[in-house]
Amino acid sequence: VWLEQAFPVYKNGFPREVIEEFEKQIGRKTIGNKPASGTEIIKELGEDHIRTGRPIVYTSGDSVFQVAAHEDVIPLTELYRMCETARHLLKGEHRVGRVIARPFTGTPGHFVRTPRRHDYAVDPPKPMLLDVLADRKVPVLGVGKIHDIYNGRGVDEYLTTKGNADGMEKLSAAAKESKGGLVFSNLVDFDMLYGHRKDVEGFAKSLEEFDRLLADLLALLRLSDLLLITADHGCDPDPRWPTTDHSREYVPILAYSPGSGRGANLGVRDTLADMGQTIAENFGASIPHGRSFLHALRATESAR
């Protein structure tokens, strides 16, 4: 997905008129309204939220409007309704990329975010990869946040997940049962639990867990299957950089097929859209942006 104009970000919080209109429409005052780490802001304002019943509104270096609430103070259905209200409100110059419900539980000093977050995205511009796959009747299964990120467009079936291990289990089951099409999976723990918290040790252990689960997945792949592994950003763990926002733009691309021969260096690509174009070409389609590297994978196969 290429955007004609970048989504807005709010380094100093949202304008007063936006917050006041949001408060008017949900019938509650809010607290927060500043850029913050999700775990840190519930640590800072969670007790005040419980005492007042006011939801915590915050943002980050990304284009997001996030609403955090304790599940015993504001029920999930009401929190989701608040976020739907925000999504309808944030239009025009304030059309943020995502509105995110951030429920948490626990007691002061021991607050924990729950896996029941929900993302409300902007409808992607047409045509994107999932649109062209739908036109060609290519089945798409979304695992994790995929359905939310694309507003359900082009996703035939979807499965929610509770974390990386659950996501890999569902991905492996899909690989075993699928008769074709695209299985699109998002693993949330790297970013949500470790990246934003600059938890290097936790991230390393999560990678080790993924590595073990990946071995199980590889054993299930058929000769014609293609596995692509990437990320969409990273968080620099260096303590010299205090930000907990996304601060790494370059990400890995790993492509594997049991039917391929020698490995090949895909080089530094111009855009993440190259992966989308590769998938599109694999299914006999194309998207407006990106250069496919499917030929490089086929070259290694023919060199066997």
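The values are calculated or read from the model by the stated rules, or taken from the named source; none is laboratory data. A quick note: this is a predicted structure, and the numbers were derived from the prediction, not measured. As a convention, Cβ positions derive from the backbone with ideal geometry for all residues, glycine included, and neighbour counts pool all protein chains shown. Areas reflect the complete protein model, heavy atoms only, side chains present, ligands, DNA and RNA absent. Shrake-Rupley method; radii C 1.70, N 1.55, O 1.52, S 1.80 Å.
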Next item on the list: Looking at the range 107-260, send over the antiparallel percent of its DSSP beta bridges, to the nearest 5.
Entry: 40
Notebook entry, point to check: Once you mark the GluC sites (Glu not before Pro) that are in a DSSP loop and have at most 16 other Cβ atoms within 10 Å, what is the longest gap between them in the chain?
Noted result: 72-248
Next item on the list: Have a look at SER37, SER224, SER247 and tell me which one the Gaussian network model of the chain (Cα, springs below 10 Å) gives the largest fluctuation.
Entry: SER224
Check: How much net charge surrounds LEU228 when only other residues with a Cβ under 14 Å from its Cβ are counted (Lys, Arg +1; Asp, Glu -1)?
Finding: -3
Next item on the list: Quick one: dipole size for the range 16-121, taken about the Cα centre, charges +1 on Lys/Arg Cβ and -1 on Asp/Glu Cβ, in debye to the nearest 20.
Entry: 140
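Quick one: pull the percent of accessible area on the range 189-263 belonging to carbon and sulfur, 1.4 Å probe, ligands and nucleic acids left out.
Numbers: 2820 of 4960 Å².
It is 57 percent, rounded to a whole number.
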Item checked: Distance from the range 44-63 to the range 117-174 (C-alpha centre basis), Å -> 29
Margin query: Suppose we keep just the DSSP beta bridges with both residues in the chain; what percent of those would be antiparallel, to 5?
Written below: 45
Next item on the list: Could you tell me how many degrees, from 0 to 90 and to the nearest 10, lie between the Cα long axis of helix 200-218 and the main elongation axis, the longest principal axis, of the Cα atoms of the chain?
Entry: 40
Item checked: Solvent exposure of the range 16-121 as accessible area per residue, Å², 1.4 Å probe -> 46
Margin query: Could you tell me the extents of the range 129-296's C-alpha atoms along the three principal axes, largest first, rounded to whole Å?
Written below: 48, 37, 33
Next item on the list: Using only Cα atoms, tell me the angle between helix 76-89 and the longest principal axis of the chain; keep it within 0 to 90° and round to the nearest 10.
Entry: 80
Notebook entry, point to check: Stokes-Einstein at 37 °C, 0.692 mPa s, Kirkwood radius from Cα pairs: D for the range 16-121 in µm² s⁻¹?
Noted result: 243
Checklist line | Cross-link reach list, lysines versus LYS137, counting only Cα pairs under 30 Å and skipping chain neighbours closer than eight places | finding: LYS126, LYS145, LYS162, LYS170, LYS176, LYS179
Next item on the list: Identify which of GLY195, GLY180, GLY152 has the largest mean-square fluctuation in a Gaussian network model of the chain, with springs joining Cα atoms closer than 10 Å.
Entry: GLY180
Next item on the list: Could you grab the Rg to Rh ratio for the range 212-304? Cα atoms only, Kirkwood for Rh.
Entry: 1.04
Next item on the list: Determine one quarter of the surface area of the Cα convex hull of the chain, which equals its mean projected area, and express it in nm² to one decimal.
Entry: 16.6
Notebook entry, point to check: Which value, in debye to the nearest 20, describes the size of the charge dipole of the chain about its Cα centre when Lys and Arg Cβ atoms bear +1, Asp and Glu Cβ atoms bear -1, and nothing else is charged?
Noted result: 260
Checklist line | Taking the convex hull of Cα positions in the range 141-206, its mean projected area over all directions (nm²) | finding: 4.7
Check: Taking H as built 1.01 Å from N, whose amide H comes closer than 5 Å to the amide H of GLY61, not counting residues under 5 places away?
Finding: HIS246
